[in-house]
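K.L.:
One structure, as structure tokens, below. Some questions next.
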Amino acid sequence: MKSALIIGGGFGGLITGALLAHEGLRVRVLEKNHNIGGGLQSFTRQGVYYETGMHILGGFSEGGSVRRIFEYLGIMDQLRIERCDMDCMDEVTYLSTGDNYRLPQGREAFTEALCRYFPDESEGITRYLQACYDLTEEVGIFYLRPSETVFAIHSDRFMQPADEFIADFITDPRLRDLLAYMNPMYGGVPGHTPAYIHSLINVLYISGQYHFRGRSQHMAELLSSVIYEHGGEVLTNQAVSAINIVDKQVESVQTVSGSTFRADYYVSTIHLKALFPLLPAGALPRAYINRLTEAPVTYSAFILYLAFKPESFPYINHTGYIQDDYGQIWNHNEYDAATWPRGLMYLTPPTENQGPYAVRMTINCIMSYDQVKRWEKTSIGHRGADYEAWKREQAERIIDKLERVFPDIRQCIKNYTTASPLTIRDYYASPQGALYGYSKDGLDPARTLISPVTRIRNLLLSGQCVNLHGICGVPLTAINTAECIFGLNTIVNKINDYCNK
């Protein structure tokens, strides 16, 4: 029975470990934090649970790729998730004009809603959505289709900047802005983010949007249970300090606690900028390390967590987006003390026994790491009074913005807590608190092109730095990584055979 050691117990490490364990490897996962899960971690403040990172789920509708993966692993029926309202998965509000758009789930309903709001753009809307779906068809793994080759040939639009892609079909600048409202879900940058990233995320959520019911940590626990059921284990408080290389392959891994671990295969799911310092000099080509060390990462966020007084604020079963004005959706990461946040995303995650009133609200606001750089040498809980005062100021700005849509919300708040890009950096070991790994650039795709295979023979890569990010991208990348061991299409075919029975 061969073994695999996974470095990183976040979503990427756990889903990769679960797949490898399910296929017969003896898996051990090493996580540096006290809790597993990475972006799936939950935390408690004054008796209320909050999610740290994973808030919105896609791919879980009947036949969805993520659903099929979880069915194959045997944990789909235990997963506690809640589907958003069919007639409104997302609500987008523009404060400058009062314009409000309620966007339903399902391609046909989504198209019809946009055409009602912008009747003069009906033809362009239809063509735009068809183009989005066409681009997703070029990513066979998105639909768990077997690959004929590891090298894919794509259309000219695949790498086209997403903002230009939208403009090719849409004339009205308001609609162009609206169609980019999911930018916070993938770190969109004008003139650079490829159209395929924009299309994959939009199609994923149009096909069905869900929220966790209860704690997101539950998903991490389920994936961990798969590893344990197949003879593996998940160890916490095991930060890796060194990866020992002998004859161009990993011989062992050492941890800060002084332990040494060995395996046949090693899989790193941490950010590559965190992986490289663990390797001895010369283990990987210098050009490779330089390219990925210098490559830009996606922006970060400031997160506000609200706890409501009992029966004071209504439960909202969809995700909401608030924009100051049109024309700003691509520039939310540009901080201006007079206007920040110019946009935000909010949701009231359902509890286990959700009733008509919300218990909590999570608000995500895009923020550049530059805003917290002055405290970057500090540690959690020891950042100083000026940092705490700065966080309170940002929280009050967000609440002021929320009051524009929910006038009585301030009176409903019992207490709140916050997280900054530094919080994300330290808990996820993510450089500059990057939300989605490397920033993909359609004008320079080779810069962040990363294979699961490395020049170190038994060291593989997985996680959101490789290929795709998020709730759908990370499991699909995990399949790519696992198939580097078991062979092309072996796991995809097993998943499809299992789910088609």
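Values in this text are rule-based calculations from the coordinates and carry no lab data. Just so we're clear, the structure is a prediction, and the values are computed from it rather than from any experiment. Neighbour counts are summed over all protein chains in view; Cβ atoms, including those assigned to glycine, are modelled from backbone coordinates with ideal geometry.
K.L.:
³J(HN,Hα) across segment 363-380 via Karplus (A = 6.51, B = -1.76, C = 1.60, θ = phi - 60°), whole Hz, x for Gly/Pro?
P.N.:
10, 9, 10, 4, 8, 6, 4, 4, 5, 10, 4, 5, 10, 5, 8, 8, 10, 4
K.L.:
If packing is taken as the average count of other Cβ atoms within 10 Å, what order do 439-447, 276-284 fall into, highest mean first?
P.N.:
Most protected by this proxy first, the peptides run 439-447, 276-284.
K.L.:
Same structure, new question: Which value in Å does the Kirkwood hydrodynamic radius of segment 425-490 take, with 1/r averaged over all unlike C-alpha pairs and then inverted?
P.N.:
After inverting the mean inverse Cα-Cα distance, the result is 12.9 Å.
K.L.:
Compute the acute angle (0 to 90°) between the alpha-carbon long axis of helix 195-206 and the principal axis of greatest extent of the alpha-carbon atoms of the chain; round to the nearest 10°.
P.N.:
Approximately 70 degrees, to the nearest ten.
K.L.:
Along the Cα→Cβ direction, 7 angstrom out, place labels at Arg392 and Asn489. What is the inter-label distance in nm?
P.N.:
6.2
K.L.:
Using Cα centres only, tell me the gap between segment 159-232 and segment 413-491 in whole Å.
P.N.:
If you average the Cα positions of each part, the centres end up 14 Å apart.
K.L.:
Under the rule of at least 5 residues apart or a separate chain, name every residue whose amide H is placed under 5 Å from the amide H of Val27.
P.N.:
Counting only residues 5 or more places away or on other chains, the set is Ala4, Gly232, Glu233.
K.L.:
Under 17 Å Cα to Cα from Lys377, which aspartates and glutamates show up? Leave out anything in the same chain fewer than 8 places away.
P.N.:
Hits, sequence-local ones excluded: Asp386, Glu388, Asp426.
K.L.:
What FRET efficiency do you get for Asp400 and Phe43 if R0 is 25 Å and r is their Cβ-Cβ distance, rounded to the nearest 0.05?
P.N.:
According to the calculation, E is roughly 0.50.
K.L.:
Cross-link list Lys248/Lys273; Lys309/Lys440; Lys309/Lys391; Lys32/Lys391: which exceed 30 angstrom alpha carbon to alpha carbon?
P.N.:
Pairs exceeding the cut-off: Lys309/Lys440.
K.L.:
Take peptides 401-413, 340-352, 89-101 and line them up by average Cβ neighbours within 10 Å, highest first, as a rough protection proxy.
P.N.:
340-352, 89-101, 401-413
K.L.:
For a protection proxy built on the mean count of beta-carbon atoms within 10 angstrom, sort 366-378, 61-73 highest first, please. Don't jump to the answer; show the numbers that get you there.
P.N.:
Details: 366-378: 16.8, 61-73: 19.5.
Result, highest mean first: 61-73, 366-378.
K.L.:
If the cut-off is 17 Å between C-alpha atoms, which aspartates and glutamates fall inside it for Lys2, apart from same-chain ones fewer than 8 positions away?
P.N.:
Within the straight-line cut-off, Lys2 pairs with Glu23, Glu229, Glu233, Glu251, Asp264, Glu483.
K.L.:
Report the extension gain between Gln254 and Asp336 in nm, rounded to one decimal, defined as 0.36 nm multiplied by the number of residues separating them, less their alpha carbon distance.
P.N.:
25.1 nm
K.L.:
By how many nm would the segment from Arg410 to Ser225 lengthen if fully extended, with 0.36 nm per residue of separation less the alpha-carbon distance?
P.N.:
Full extension of this stretch gives 62.5 nm more.
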